[in-house]
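**Student:** The structure follows.
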Amino acid sequence: MRYDANMKKSKKNNGDKTLLGGITPQQFLREYWQKKPLMIRGAIPGFTGVLSAEELAGLACEDDVQSRLVSQAKGNWRLEHGPFEEERFAKLHAKNWTLLVQSVNQHLPEAMALLQRFDFIPYARLDDLMVSYAPDGGGVGPHFDSYDVFLLQGQGKRLWRVSQQQDLTLVEGVELKILKNFHTEQEWLLEPGDMLYLPPHVAHWGVAVGDCMTYSIGFRAPSVQELAGQFLNFMQDRLDLAGVYADADLKLQTHPAKISKAMLKEVVKAIKRIQWEEADVAEFLGCYLTEPKLHVVFDKPRSMNIAKFRQQLIHDGIQLSLKSQMLFDEQHCFINGELVKMSPDNTVLMRQLADNRSLPAGGFEDIFLIEKLHEWYLAGYVQFPK
C-alpha cells in the first residue's frame with residue numbers, strides 16, 4: 001500500500017519501536033548513531049512507497065527537481081543530470097541503470113510525512129528524502145557517504161552489501177565515486193518495509209533484485225571547511241572596523257615591488273581585531289541550516305490583504321510550504337535563511353510551527369506574528385491547508 005500521512009506518529013520524539021526494530025530512540029542514538037549499521041526488518045509494515053516509478057520519472061522531468069541517471073555498460077559507469085525528456089526513459093536498456101530524485105519531500109506531502117517519522121534526529125541535521133528506482137541489476141556501484149542515512153525499501157527488493165573497511169580508495173577517471181576495492185562483510189536482502197541504517201563512511205553497494213524503489217533518508221554533515229567559509233561570508237556584513245591602513249613611519253625600500261614585513265605586521269594587527277561571540281555563531285547556524293538550495297523556487301499565491309489573511313488564518317490555521325525549512329534557538333526562529341527575533345508573545349507558536357510544520361485554527365492575537373505570517377504567505381513560505 002502507499003504510505004499514508006496519517007500513519008505518522010502523533011507525538012514528537014516519543015519513539016516508534018517498529019521503525020527502529022523494537023529499540024527506543026534513546027537506545028538507537030546511544031548504540032548505533034554514527035557508530036555501526038542497524039538492519040531493521042518490517043520497520044514500516046505494509047510500506048511500498050509514496051509514489052510510483054512513473055511518477056518518479058515525471059518528477060525527474062521537472063526543471064526545479066534535482067535528478068540523476070546512473071547507468072553501467074561493459075563495466076563503464078555513466079552519470080547524467082536532469083531534468084530529463086520523457087523520451088530518455090524509453091531509450092534505456094532493460095537492466096543496469098538507476099534513476100535518483102532528490103528532495104521528494106519538497107513535492108509530495110506524503111514524503112514530508114515520512115520524513116517526520118524520523119524526528120528523533122533534530123531537523124537541523126535532516127537533509128532530504130531521495131527516492132531511487134532501478135530495474136533488475138541496477139545500482140550506483142560500491143561507494144560510501146559522508147553522512148548518516150536510513151535506506152528504506154519500497155517496491156520490490158534490493159540486495160545490500162556492507163563493509164566497514166578502511167580502504168576507501170576510489171576508481172580513477174570515473175565521474176561517480178566508485179570504490180576500487182570493495183570487500184563484502186555483511187549482506188541483506190531488503191523487502192518492502194525493511195530498513196538499513198548506515199553511519200558515515202560505511203562502504204555499501206545496493207543492487208536491485210527485480211524492479212525496486214528505495215527511499216533514502218539522509219542527514220546533512222557539512223565539512224568544517226564549508227562551515228568556516230560560510231561563517232566568514234556571514235560575518236562580512238556584520239563587521240564594522242574603524243580606521244584605514246596607515247604607515248606614517250614608512251621607510252625607503254630597496255625593492256619597490258616587495259611587500260614589507262612592516263606592512264604585513266600592520267595588516268595582521270588589523271585583521272586580529274575581527275572577533276565574534278557565540279551569539280554570532282548561533283545566528284549564522286540558523287540562517288545557514290535553513291537556507292534553501294539553489295534550485296528551490298517558492299510558489300507565490302495570489303495577493304491577499306492582511307485583514308482577509310487573518311480571517312482565513314483563524315478559520316483554517318497555517319502550514320509550512322513543503323519547500324520551507326524552519327528552525328529555532330533560545331531567542332530566534334529561522335526560516336529559509338531569514339532570522340526573526342521571537343518575543344514572549346509569539347515564542348510558543350513560532351516553535352510549534354517549526355516543530356509541527358503547522359499551526360491549527362484558532363485565536364491569533366499577536367500583531368507581529370500575524371504580520372510575519374502574512375509576509376511569509378506572500379513569499380510562498382507558508383500556505384493554508386488544502
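The values are calculated or read from the model by the stated rules, or taken from the named source; none is laboratory data. Predicted, not measured: the structure shown is a model, and the values here were computed from it. Quick reminder, even Gly has a Cβ in these numbers, built from the backbone with ideal geometry, and neighbours come from all protein chains shown. All accessible areas refer to the heavy atoms of the entire protein, side chains included, with ligands and DNA or RNA removed. Shrake-Rupley method; radii C 1.70, N 1.55, O 1.52, S 1.80 Å.
**Student:** In sequence order, what are the phi-derived ³J(HN,Hα) couplings for region 178-184 according to the Karplus relation 6.51 cos²θ - 1.76 cosθ + 1.60 with θ = phi - 60°, rounded to whole Hz, with x for glycine and proline?
**Tutor:** Whole-Hz 3J(HN,Hα) from phi for region 178-184: 9, 5, 6, 10, 9, 10, 5.
**Student:** Scale the Cα Rg of region 176-265 by the rule-of-thumb value 2.2 N^0.38 Å and send over the ratio, two decimals.
**Tutor:** My calculation over the Cα atoms of region 176-265 gives 2.27.
**Student:** For the ranges 317-326, 175-184, 257-266, what's the packing order if you count other beta-carbon atoms within 10 Å of each residue, average per peptide, and put the highest first?
**Tutor:** Top to bottom by mean Cβ count within 10 Å: 317-326, 175-184, 257-266.
**Student:** Between Phe231 and Glu85, what is the label-to-label distance in nm when each label sits 7 Å out along the Cα-to-Cβ direction?
**Tutor:** Computed distance between label sites Phe231 and Glu85 equals 4.8 nm.
**Student:** Ignoring any ligand, DNA or RNA, what whole percent of the accessible area of region 243-331 comes from carbon and sulfur when the probe is 1.4 angstrom?
**Tutor:** 59 percent
**Student:** Starting at 0 and stepping by 10 Å, how many percent of the alpha carbon pairs of region 228-348 end up in each bin?
**Tutor:** Spelled out bin by bin, region 228-348 gives 9, 25, 25, 16, 12, 8, 4, 1 percent.
**Student:** For the pair Trp77 and Lys258, how long in nm is the line joining their label points, each one 7 Å along Cα→Cβ?
**Tutor:** It works out to 5.2 nm between the two label points.
**Student:** Which ³J(HN,Hα) values in Hz, rounded to whole numbers, follow from the phi angles of region 311-326 under the Karplus curve 6.51 cos²θ - 1.76 cosθ + 1.60, where θ = phi - 60° and Gly and Pro get x?
**Tutor:** My calculation for region 311-326 gives 4, 6, 4, 5, 7, 10, x, 8, 9, 5, 4, 4, 8, 7, 10, 9 Hz in order.
**Student:** Using the Karplus curve 6.51 cos²θ - 1.76 cosθ + 1.60 with θ = phi - 60°, work out ³J(HN,Hα) for each residue of region 275-288 in order, rounded to whole Hz, and write x for Gly and Pro.
**Tutor:** In residue order, the calculated couplings are 9, 9, 10, 4, 4, 5, 5, 4, 5, 4, 4, x, 5, 5 Hz.
**Student:** Moving to a separate point now. Using a probe radius of 1.4 Å on heavy atoms only, what accessible surface per residue do you get for the chain? Whole Å² is fine.
**Tutor:** 54 Å²
**Student:** At a probe size of 1.4 Å, how large is the accessible area of Glu62, to the nearest 10 Å²?
**Tutor:** Result for Glu62: roughly 90 Å² accessible.
**Student:** Hey, another quick one. Just to be sure I understand the model, the point goes 7 Å from the Cα along the line to the Cβ. What's the resulting Glu371 to Lys95 distance in nm?
**Tutor:** Taking the two extended label points, one gets 6.6 nm.
**Student:** Determine the order of Val224, Val171 by accessible area, beginning with the largest, at a probe radius of 1.4 Å.
**Tutor:** Largest to smallest exposure gives the sequence Val224, Val171.
**Student:** How would Asp345, Asp211 rank on accessible area, largest to smallest, probe 1.4 Å?
**Tutor:** Ranked list, largest accessible area first: Asp345, Asp211.
**Student:** Can you tell me the convex hull volume per residue for region 31-186, based on C-alpha atoms, in Å³ to the nearest whole number?
**Tutor:** So the per-residue Cα hull volume is 141 Å³.
**Student:** Now a separate question. Using a 1.4 angstrom probe on the protein heavy atoms only, line up Tyr197, Tyr32 by accessible area, largest first.
**Tutor:** Tyr32, Tyr197
**Student:** Hey, can you grab everything whose amide H is under 5 Å from the amide H of Gly138? Only 5+ residues off in sequence or another chain; H modelled, so Pro and N-termini drop out.
**Tutor:** Asn96, Trp97, Ala208
**Student:** Oh, and also: Rounded to the nearest 0.05, what FRET efficiency do Glu291 and Ala248 have when you use their Cβ-Cβ distance and R0 = 41 Å?
**Tutor:** E between Glu291 and Ala248, to the nearest 0.05, is 0.40.
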